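To start, the structure itself, in structure tokens.
Laboratory data are not the source of any read-out in this text; all were calculated from the coordinates shown. What you are looking at is a predicted structure, and each value in this text was computed from that prediction instead of being measured. Every residue, glycine among them, receives a Cβ derived from its backbone with ideal geometry; neighbour counts consider all protein chains shown.
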Amino acid sequence: MALPREQRVEAIRHAIEAALAPTALEVEDESHRHVGHAGAQDGRGHFRVAVVSTVFVGLNPIARHRAVYAAVGDLMTTDIHALSISARTPDERVG
């Protein structure tokens, strides 16, 4: 069952923190940018995450994305329509 819109960012944040122990994490709801998009009509949202975690050390970009998708799990079927991912190690952290 889908969460109320205002709780989705916090649910995504909690799921990623629990699974990946990030040293930095940004979660942004970008759903407002996709109003009218056919895929958003089911009520699920568009989100952007930037994750910095030691879990990503030694993983290629596809494996990093898979780890993030695994972390958010069922939210992909109930609350997330699209997820833009930046996944870096602490050594790769920009800024």
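Evaluate the distance, in nm, between pseudo-label points positioned 7 Å from the Cα of A2 and of A70 along their respective Cα→Cβ axes.
Taking the simple label geometry, A2 and A70 are separated by 2.8 nm.
Cα-based Rg of region 5-92 per 2.2 N^0.38 Å, rounded to two decimals?
Values: Rg = 12.9 Å, N = 88, 2.2 N^0.38 = 12.1 Å.
Expressed relative to 2.2 N^0.38 Å, the Cα Rg reads 1.07.
Using the basic label-point model (7 angstrom from Cα toward the beta carbon), what is the L25 to T78 distance in nanometres?
1.7 nm
Rank-order 49-57, 12-20 by packing density, defined as the average count of other C-beta atoms within 10 Å over each peptide's residues, highest first.
Final packing ranking: 49-57, 12-20.
Say R0 is 22 Å: what FRET efficiency, to the nearest 0.05, do N60 and R13 get from their beta-carbon distance?
Once rounded, the FRET efficiency stands at 0.35.
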